[in-house]
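Visitor: Right, I'll just put the structure down here and ask away after.
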């Protein structure tokens with residue numbers, strides 16, 4: 001499955017770079033967001049925690065860790081789709 005929208009960075013940082021001096025002698029500063037996990041990863045982690053807790057308690061409906069991870073990303077994809085509305 002190919003994901004085209006990962007939601008962008010969940011916790012972006014801003015990096016400021018002086019790109020030159022304008023005609024008034026003022027510095028031109030360019031800022032760019034970078035880094036951080038994607039929103040898709042963040043949503044999957046949030047969905048994953050209760051599933052892991054249920055697995056350790058023996059009350060998990062999922063058969064194995066791979067199925068848990070797959071379901072966590074399915075929840076994340078659903079959350080991104082709802083967020084895009």
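The values are calculated or read from the model by the stated rules, or taken from the named source; none is laboratory data. Worth saying up front: this structure is predicted, and the values here are computed from it rather than measured. Neighbour counts run over all protein chains shown; Cβ positions are idealised from the backbone, glycine included.
Visitor: All but one of (1) exposed (fewer than 10 other Cβ atoms within 10 Å of the Cβ); (2) modelled with pLDDT of 85 or more hold for residue 14, so report the exception by its number.
Guide: (2)
Visitor: When region 28-66 is examined, which residues are found to be loosely packed, with under 10 Cβ neighbours inside 10 Å and at pLDDT 75 or above?
Guide: 66
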